[in-house]
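Sending over a structure as structure tokens; questions will come in a sec.
Coordinate-derived values only; no laboratory data. In this text the structure is predicted, and so the values were computed from the model without any measurement. Cβ: placed from backbone, ideal geometry, glycine included. Neighbour counts: every protein chain shown.
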Amino acid sequence: MKWEVVIGLEVHTQLSTCSKIFSGSSTAFGAAPNTQASAVDIALPGVLPVMNRAAVEKAICFGLAVDAHINRTSVFARKNYFYPDLPKGYQISQFELPIVEGGHINIVVGDTVKTVQLTRAHLEEDAGKSLHEDFQGMTGIDLNRAGTPLLEIVSEPDMRSAAEAVAYARALYTLVTWLGMCDGNMQEGSFRVDANVSVRPLGQAELGTRREIKNLNSFRFLEQAINYEIQWQIDLLEDGGRVQQATVLFDPDSGETRVMRTKEDAHDYRYFPDPDLLPLVITEADIDAVRATLPELPAAMAVRFAETYGVSAYDAGLLTQSLALAQYFEAAVALCPQGKLLANWVNGELAARLNREDRALAACSLSAARLAGLVARIADGTLSSKLAKQVFDALWDSDLDADAIIERDGLKQVSDSGAIEKLVDEAIAANPKAVEEFRAGKEKALNALAGQVMKASKGKANPAQVQDILRQRLQ
Amino acid sequence: MTYTLKQLSDALASRQVSSREITTAYLERIAALNPTLNAFITVDPDRALAEADAADMARAAGSAGALTGIPLAHKDVFVTEGMLTTCGSKILNNFVGPYDAHVVSQCRRAGLVLVGKTNMDEFAMGSSNENSAYGAVKNPWDLRAIPGGSSGGSAAAVAARLVPVATGTDTGGSIRQPASHCGITGIKPTYGKVSRYGMVAYASSLDQGGPMAQTAEDCALMLNVMAGFDGRDSTCLDHGDEDYTRDLNTPLKGVKIGLPKEFFTAGLDAEVAAILQAAIAQFRTLGAELVEVSLPKTELSIPAYYVIAPAEASSNLSRYDGVRYGHRAADYKDLNDMYERSRAEGFGAEVKRRILVGTYVLSHGYYDAYYLQAQKIRRLIAQDFEAAFTQCDFILGPVAPTAAFNLGEKTNDPVQMYLSDIYTLAVNLAGLPAMSLPAGFTQQGRPVGMQLIGRYFAEAQLLGAAHQFQQVTDWHTRAPVLTPLN
């Protein structure tokens with residue numbers, strides 16, 4: 001039987017506000033346990049929550065960026081359950097009326113563009129952390145994270161493969177970091193993904209029973225976990241089994257998912273509107289104020305790059321993976337208006353180098369201006385692409401600019417036809433066999449001769465010119 | 001010791017007496033009579049005298065306010081920095097707060113001297129003060145009687161003149177009913193007038209703090225200190241500063257007082273009804289016009305309240321889990337066992353009952369039938385009042401169907417206990433201001449109060465009407481005769 005995979009994602013993005021969603025405590029990561037937990041965060045008797053305006057603005061910002069509906073009135077509800085790192089015994093979240101409804105995000109998988117619809121995005125507070133390792137026979141509670149603002153972004157079950165799910169998660173990641181609403185630090189839990197996965201016979205309208213994989217904090221784990229889960233469900237169904245609705249965890253060491261709880265022991269969260277918080281009312285003026293601060297979005301910027309700088313759609317997509325990269329490209333192209341060539345270097349050599357050294361663009365010493373200096377010398381024929389790579393390496397390791405390196409290392413391409421003619425003549429004289437072959441119609445022989453000329457010039461001869469002069473001489 | 005806040009304020013201002021002298025006198029009275037009444041859970045004489053000295057110094061320095069140096073007690077529901085706050089519960093028997101409730105800091109700023117914390121029904125759940133983990137409070141007028149609840153400790157303390165003024169909270173009548181049973185004056189302001197920050201939550205959408213004192217004038221002076229905007233409570237109203245004494249001398253001529261026919265039925269004790277009729281006659285003499293009004297949904301306020309309040313309470317009390325503070329069971333097998341034992345040991349029967357009811361009405365499949373339905377009734381009740389207030393300026397009625405009943409009389413019948421809240425609950429559901437003031441005594445000598453309900457934000461007018469009444473009556477001046485235990 002052919003199976004169809006159905007995936008929807010719930011993504012918890014930590015909003016990068018200075019203070020918590022309902023208290024004035026700092027949200028900075030990594031402080032000593034419980035040093036950023038105020039009376040409100042540890043839920044002392046008598047304390048009350050007060051909404052952080054910045055968190056609301058970031059949620060509005062997201063809603064506008066995905067073309068969603070911003071609810072003018074939304075309601076905070078209490079989600080009741082007991083857990084030691086949940087100090088109030090309930091989480092303040094949004095249930096029936098979230099701040100953002102609908103919206104969509106485009107993803108690219110292979111050559112196709114696909115639109116993933118969003119269900120909703122709602123504001124809520126994060127819980128604290130239970131520390132099981134450090135205390136023998138006991139559990140430590142760190143409430144520094146308790147009350148950190150989250151925007152939970154829920155997609156429709158629109159994805160049909162792990163690759164699509166990863167593409168969606170990456171597109172969402174790009175967007176939320178681009179908007180500056182989330183720092184994107186996945187190791188610190190700023191962007192956590194829950195994946196709802198089900199399979200059904202191809203052509204069946206009704207959805208299969210889903211299992212939810214909780215708390216995936218890397219794109220690699222997301223892909224591995226979904227692929228494992230898909231295969232597990234298909235194997236079960238093909239063996240005549242039935243999928244039970246469950247919440248599962250992914251173990252990166254074994255590469256498997258295991259059941260955390262089934263539907264039977266699911267909580268009854270007893271949601272009800274939080275009487276401590278009035279409904280959240282958003283005015284047109286609030287929305288307009290956020291709209292005015294909205295940056296150019298990645299999709300729009302990609303289109304502009306293609307139109308303005310002649311960059312391919314594919315390259316434009318890569319250049320707008322992050323705001324930092326896009327800004328780098330724009331800074332370089334302003335100095336050297338060779339969009340296509342620049343894009344090749346940014347997406348090719350620069351990206352490869354950063355990736356190899358596992359370095360962020362911000363931590364790289366090769367400025368946009370210095371890269372532009374290099375590309376300008378390629379464009380004007382000073383450097384062959386081979387020499388250009390050599391100059392790139394030198395740029396990476398020093399703080400000189402391209403011209404200084406070319407000067408220092410004598411790497412200037414020789415385009416003086418007199419000098420090249422001399423080398424060509426020498427090559428023809430020294431390789432009668434190749435000359436013979438070329439004249440007999442063997443085109444490849446010309447390359448061998450050109451190679452000899454290049455070698456003799458120590459790589460500095462202009463390769464196009466070498467080819468031209470060889471042909472002239474041999475005809 | 002029957003001095004009112006106003007008299008003490010004047011005496012301090014004219015330097016006839018010092019705060020240390022006043023405070024010492026009240027502390028002595030507390031030491032003598034509290035063993036009989038059990039009105040206080042905590043008394044801190046050292047701290048009180050230190051604050052009194054500070055008040056005297058402030059006065060000497062010319063920086064004293066109207067209430068600087070006057071002793072005060074807070075209901076043990078208000079968190080006080082460095083002083084035990086139990087909320088009448090065993091589960092908080094070791095909780096010393098690291099911060100002051102808004103009301104507490106307002107009183108401190110005004111220079112009032114905190115002598116201690118008063119007894120109350122556990123988590124403010126109760127109408128008789130018998131639900132306190134620290135023992136029942138006795139009614140100073142009759143030691144066999146309940147003082148009312150849940151602010152029974154505050155009411156008894158003021159009635160017995162252990163303090164000139166105390167704070168209370170009112171979720172379903174918890175200021176008005178004990179005020180009535182103890183023969184003092186108390187006001188529950190419009191919901192949102194007094195910040196709930198630091199007031200341990202019972203039912204957040206209903207809880208409201210207010211003053212309890214001998215007279216309406218004293219309540220007005222205290223409300224000037226307690227009320228006002230506080231950004232830490234999102235439900236607190238930014239209504240500007242107002243002087244709640246401004247209408248004290250406004251005559252009642254032409255004022256229309258509504259008498260809801262549903263309040264004066266067979267359910268009302270005949271003696272209480274007679275006392276109210278006399279009070280109504282008094283208001284007529286003062287120039288007020290009496291009109292009959294109707295509050296048809298009055299009876300529904302009991303089921304609506306006993307769904308909404310427990311629902312909110314079940315969630316509000318989840319934080320008492322033994323993890324971070326408060327009582328934790330000594331032995332437990334695992335996490336769930338720790339929760340179960342800590343809460344089973346820490347909470348009393350009535351609190352457990354309301355947590356169970358609240359959990360039930362919020363659970364999947366019952367939410368619509370109970371919680372949502374109750375919210376609809378709540379809106380209808382508010383509309384009842386809106387309609388009534390098109391015909392009158394105030395509503396006058398009983399506070400409770402009877403005078404204070406005897407200790408132990410209703411402890412085995414919670415439903416009977418709930419039914420005695422019939423006249424007070426609707427006010428909280430609607431969020432209106434209302435007060436209780438002394439109207440007379442039963443033949444047995446137990447006080448009976450009457451209730452005045454006003455439009456939203458009509459505290460000053462309510463206090464004015466009560467003050468006018470107190471100018472021509474002396475019920476509020478009477479004090480019980482108490483002899484210290486030996």
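Between B:LYS253 and B:LEU290, what length comes free when the chain is fully extended (0.36 nm per residue of separation minus the Cα-Cα distance, one decimal in nm)?
12.2 nm
Still on this model: For segment B:141-198, go through all pairs of different Cα atoms, get the mean of 1/r, take its inverse, and jot down that Kirkwood value in Å.
Working: mean 1/r = 0.0864 Å⁻¹.
Answer for segment B:141-198: a Kirkwood hydrodynamic radius of 11.6 Å.
Based on alpha-carbon centroids, what's the gap between segment B:434-451 and segment A:156-194 in Å, whole number please?
Their Cα centres are 66 Å away from one another.
Binned at 10 Å from 0, what are the whole-percent values of the Cα-Cα distance distribution for segment B:373-460, short to long?
15, 40, 31, 13, 0
Which value, in Å to one decimal place, does the Kirkwood hydrodynamic radius take for the protein assembly as shown when every pair of different Cα atoms is included? Show your work: numbers first, answer last.
Working: mean 1/r = 0.0302 Å⁻¹.
The answer is 33.1 Å.
If you don't mind, another one. Going by a ≥ b ≥ c, the root eigenvalues of the Cα gyration tensor, does segment A:129-263 fall in the rounded group (a/c under 1.5), the prolate group (a/b larger than b/c) or the oblate group? Provide the component values of the computation, followed by the final result.
Working: a/c = 2.27, a/b = 1.33, b/c = 1.70.
Here segment A:129-263 falls in the oblate category.
Next question. Ratio of alpha-carbon Rg to the 2.2 N^0.38 Å globular estimate for segment A:121-177, to two decimals, please. Walk me through the numbers before you get to the answer.
Values: Rg = 16.6 Å, N = 57, 2.2 N^0.38 = 10.2 Å.
Normalised Cα radius of gyration, segment A:121-177: 1.63.
Same structure again: Could you please tell me the mean projected area of the C-alpha convex hull for segment B:431-482, averaged over all directions and given in square nanometres to one decimal? Working shown, then result.
Numbers: hull surface 17.7 nm².
Mean projected area for segment B:431-482: 4.4 nm², to one decimal.
Ok, one more. Using alpha carbon coordinates only, what is the Rg to Rh ratio of segment B:298-375, with Rh defined as the Kirkwood radius? The partial results should precede the final answer.
Details: Rg = 14.6 Å, Rh = 13.5 Å.
Rounded to two decimals, Rg/Rh equals 1.08.
Using the structure shown, select from A:LYS79/B:LYS352; B:LYS117/B:LYS297; A:LYS88/B:LYS75; B:LYS138/B:LYS253 the pairs with a Cα to Cα distance greater than 29 angstrom.
On the way: A:LYS79/B:LYS352 20 Å; B:LYS117/B:LYS297 37 Å; A:LYS88/B:LYS75 23 Å; B:LYS138/B:LYS253 40 Å.
Exceeds cut-off: B:LYS117/B:LYS297; B:LYS138/B:LYS253.
Once R0 is set to 45 Å, what does the formula 1/(1 + (r/R0)^6) return for the Cβ-Cβ distance between A:MET1 and B:HIS364, expressed as a FRET efficiency to the nearest 0.05?
Numbers: r = 36 Å, r/R0 = 0.79.
It comes to 0.80.
Continuing with this model, one more query. Tell me, what is the Rg over Rh of chain B, with Rh the Kirkwood radius over Cα pairs? Before the final figure, lay out each step's value.
Values: Rg = 21.1 Å, Rh = 22.2 Å.
Using only Cα positions, Rg/Rh for chain B is 0.95.
Plugging the Kirkwood radius over Cα pairs into Stokes-Einstein for segment B:266-305, at a temperature of 25 °C and a viscosity of 0.890 mPa s, what D comes out in µm²/s? Don't skip to the answer; put the middle values down first.
Values: Rh = 12.3 Å.
Roughly 199 µm²/s, to the nearest whole number.
Translational diffusion coefficient of segment B:121-273 at 25 °C, 0.890 mPa s, Stokes-Einstein with Kirkwood Rh over Cα pairs, in µm²/s as a whole number.
Numbers: Rh = 16.5 Å.
Reported coefficient: 148 µm²/s.
What Kirkwood hydrodynamic radius do you get for segment B:176-237 when you take the inverse of the mean 1/r over all pairs of distinct Cα atoms, in Å? Walk me through the intermediate numbers first.
On the way: mean 1/r = 0.0822 Å⁻¹.
This gives a value of 12.2 Å.
Right, next: Please work out the Cα center distance from segment B:271-348 to segment A:392-425, rounded to the nearest Å.
88 Å
If you don't mind, there's one more thing I want to ask. Under the definition of Cα pairs under 8 Å and six or more residues apart, what whole-number percent is the relative contact order of chain B?
That works out to 19 percent.
Let me ask another. Let a ≥ b ≥ c be the square roots of the eigenvalues of the Cα gyration tensor of segment B:58-181; is it rounded (a/c under 1.5), or, if not, prolate (a/b larger than b/c) or oblate?
oblate
Can you give me the relative contact order of chain A as a percent, contacts being Cα pairs under 8 Å and 6 or more apart?
Working: 847 pairs, mean separation 63.8, N = 475.
13 percent.
Let me ask another. What whole-number distance in Å separates the alpha-carbon centres of segment B:172-202 and segment A:271-308?
A separation of 43 Å, based on Cα centres.
I'd like the projected area of segment A:295-439, averaged over all directions, using the convex hull of its alpha carbons. Report it in nm² with one decimal.
Details: hull surface 46.5 nm².
If I average the Cα hull's projected area over directions, I get 11.6 nm².
Work out the count of Lys pairs in segment A:374-446 where the Cα-Cα distance is under 30 Å, with the pair 8 or more places apart or on different chains.
15
Also, I was wondering about something else. How big is the Cα convex hull of segment A:414-473 in projection, averaged over all directions, in nm²?
On the way: hull surface 13.4 nm².
One quarter of the hull surface, i.e. the mean projection, equals 3.4 nm².
Rounded to whole Å and ordered largest first, report the semi-axes of the equivalent ellipsoid of segment B:6-77 derived from its Cα gyration tensor (root of 5λ). All intermediate terms of the calculation are to be shown ahead of the outcome.
Values: eigenvalues 112, 29, 24 Å².
So the equivalent ellipsoid measures 24, 12, 11 Å along its semi-axes.
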